[in-house]
Amino acid sequence: MDRNIRTIDDVLRLLDGLFVPEADRWTSGAASWWDGFYADRGRAVPFFVAKPDENLVSYVERGLIAPGRALDLGCGPGRNALHLASLGFEVDAVDLSPAAIAWAGDRAREAGAEIRFHCGDAFALAAGTELGGPYDLIHDSGCFHHLPPHRRISYLALLDRALAPGGHLALTCFAAGEMGSELPDGDFYRQSRLYGGLAYTPESLRWIFSDLTEVELRRMHDEPPESPYFGEPFLWTALFRRDARP
């Protein structure tokens, strides 16, 4: 007989276990799935291209964010981390997948970029000292929508712990009506799967991140193949600011 629920983390791990193994895209146990995803570097996956997100480029060009310390969550092959480093950001980049980190490291060496790559669970790393921050920018292009509803608690805790006062969260995620599952939160637990990721509306994003100040929330621009930037209109892009504490 087990009586092993005492903390919020215990509850979160219990909820993690309600999903079938093949639904797991967010725990350290998902590393092998992501390794398989990244194994073929020549595969025609849109975000395998070595281009930064158009919204991230725009934030810097318009002066909405400025170089400082940055954390790239779910960095994949490192395209956005490399862009941030090229602009003078001091970058930490984290991903569950050793294959993704190896690819990103190869790209960084080719570009002569100084980036600290971390392989593992960002929540666990941030709870320790490895990703302690504070960061002036936390950037997430495609990580958040792979989290089950209960792990928003972990995500917000990471922001609270690691995002500097006055710092920004730059988020890109599935747009409702375009891509991702629109099931109510509770149904994911009844069906034990995430159906490739969760879709969000602007209203849901504003509610989830209501402790932050919205700077901009819009649909990602559709970038043509010849563009130097990545952009797909089935994604929301959002920039939120953590107000400086009094």
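The values are calculated or read from the model by the stated rules, or taken from the named source; none is laboratory data. All of these numbers come straight from a predicted model, not from anything done at the bench. As a convention, Cβ positions derive from the backbone with ideal geometry for all residues, glycine included, and neighbour counts pool all protein chains shown. Heavy atoms of the whole protein, side chains included, go into the accessibility calculation; ligands, DNA and RNA do not. Shrake-Rupley method; radii C 1.70, N 1.55, O 1.52, S 1.80 Å.
Here are the numbers:
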item	result
The stretch 173-246: GluC sites (Glu not before Pro) falling in loop per DSSP and having at most 11 other Cβ within 10 Å	Glu226
Dipole-positive endmost among Leu159, Ala238, Ile5 within the chain (Cβ charges, Cα centre)	Ile5
Relative intensity, log₁₀ I(q)/I(0), of the stretch 58-154 from a Debye sum that treats every alpha carbon as a point, q = 0.20 Å⁻¹	-1.00
Cα-based Rg / Dmax (Å) for the stretch 1-104	17.5, 58
Candidate residues Met179, Met220: accessible-area rank, largest first, probe 1.4 Å	Met179, Met220
Computed over the stretch 165-246: relative contact order in percent, which uses C-alpha pairs under 8 Å that are six or more apart	44
Separation between Cα centres of the stretch 141-219 and the stretch 52-92, rounded to whole Å	20
Value of D in µm² per second that Stokes-Einstein yields for the stretch 130-192, Kirkwood Rh from Cα pairs, at 25 °C (0.890 mPa s)	185
The chain, accessible surface, carbon-and-sulfur percent (1.4 angstrom probe)	54
Cα gyration tensor shape for the stretch 103-164, rounded if a/c is under 1.5, else prolate or oblate	prolate
Distance histogram in 5 Å bins (all Cα pairs of the chain, percent per bin)	1, 6, 13, 18, 21, 19, 12, 6, 2, 1, 0, 0, 0
The chain, dipole about Cα centre (Lys/Arg Cβ +1, Asp/Glu Cβ -1), debye to the nearest 20	340
Accessible solvent surface per residue of the chain, calculated while the other protein chains remain in place, 1.4 angstrom probe, Å²	47
Of Leu198, Leu15, Leu71, the one that fluctuates the most in a GNM where the chain has Cα springs shorter than 10 Å	Leu15
Prolate/oblate/rounded call for the stretch 130-246, Cα gyration tensor, a/c under 1.5 rounded	oblate
Gaussian network model of the chain, Cα within-10 Å springs - most flexible of Asp211, Asp53, Asp95	Asp211
Counting DSSP beta bridges with both ends in the chain, the antiparallel % (nearest 5)	35
